[in-house]
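In what follows, a structure is listed as structure tokens, so that the remarks can point back to it.
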Amino acid sequence: MDKITTDILDTVEVGALATVNRDRTPLVTPLHFVRYKNDNIIWISDRQSRHAVNAYRSGVVEFVVWNDQKSAVFLTTKVRELPEEEEAAALGVYANKLGDFMPRVENRQIYIMPIGNLDEKTTTENWLHFIA
């Protein structure tokens with residue numbers, strides 16, 4: 001990952017998660033997120049939230065985050081639940097970036113998605129596309 005990618009992922013706090021509803025309509029959800037173990041993104045949602053149900057059902061999502069210079073990191077990736085034994089470490093990384101912020105949810109689940117590899121064919125000057 002290059003410096004622009006890590007700078008965007010480490011400084012921007014909210015990205016947009018795109019999923020598909022059961023009726024095949026799109027759903028875009030803003031999410032607080034952090035980079036985890038260098039090559040993953042994690043976020044916290046309620047297990048019953050529509051975007052979490054969609055992501056878990058299909059296993060595939062798209063995620064985009066951009067900075068104020070209009071440079072963006074765009075992911076086409078897969079989602080899974082973070083293993084319970086990694087929860088404490090993940091929450092520490094989450095707090096390091098986002099401070100005291102924590103989503104208010106009843107059934108908390110931490111989700112993880114790999115950043116993947118840079119796709120040279122679809123990457124542009126200011127739009128970095130990664131596929132996992």
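What follows is calculated from the coordinates using simple rules that are stated; it is not laboratory data. As the structure is a prediction and not an experimental result, all values here were calculated from the model. All Cβ positions, even for glycine, are placed from backbone atoms using ideal geometry, and neighbour counts span all protein chains on display.
Here are a few things to note about the model shown:
- Cα gyration tensor category, rounded, prolate or oblate, for the stretch 51-90 with a/c compared to 1.5: oblate
- Counting DSSP beta bridges with both ends in the chain, the antiparallel % (nearest 5): 85
- Space enclosed by the convex hull of the alpha-carbon atoms of the stretch 21-62, per residue, Å³: 82
- Converting phi to 3J(HN,Hα) with the Karplus coefficients 6.51, -1.76 and 1.60 and the offset θ = phi - 60°, the stretch 72-85 yields 9, 10, 10, 10, 10, 8, 10, 10, 8, 6, 5, x, 4, 5 Hz in sequence order, with x at every glycine or proline.
- Largest-first principal axis extents, alpha carbons of the stretch 87-131, Å: 41, 19, 19
- Put the Cα centre of the stretch 101-124 next to the Cα centre of the stretch 28-68 and the gap is 4 Å.
- The chain: relative contact order in percent, alpha carbon pairs under 8 Å with at least 6 residues between: 28
- Near-label residues of the stretch 58-77 by backbone N, under 11 Å of a point 7 Å along Cα→Cβ of A132: 60-63, 75-77
- Put simply, the amide H of D119, placed in the peptide plane, has neighbours under 5 Å in H129, F130, I131, leaving out anything fewer than 5 places away on its chain.
- Near F74, once Lys and Arg are set to +1 and Asp and Glu to -1 for all other residues with Cβ below 11 Å from its Cβ, the sum equals -2.
- A simple spin-label model places pseudo-atoms 7 Å from Cα toward Cβ; at N117 and R57 they are separated by 3.2 nm.
- Selection among T25, Y36, N54 by position relative to the dipole of the stretch 13-93 gives T25 as farthest towards the positive end (Cβ unit charges, Cα centre).
- Its Cα centre serving as origin, the chain has a Cβ charge dipole (Lys and Arg +1, Asp and Glu -1) of approximately 440 debye.
- Its alpha carbons give the stretch 21-116 an Rg and a Dmax of 13.3, 38 Å.
- Simple label model, 7 Å out from Cα along Cβ direction - R22 to E85, nm: 3.4
- Pairs of lysines in the chain whose Cα atoms sit within less than 24 Å of one another amount to 11, provided the residues are eight or more positions apart or on different chains.
- Assigned charges on the beta-carbon of Lys, Arg, Asp, Glu; the stretch 71-132 dipole about Cα centre (debye): 180
- CD proxy at 222 nm, helix term only [per DSSP H run n ≥ 4: -39500 (n - 2.57); per residue of the chain; nearest 500]: -6500 deg cm²/dmol
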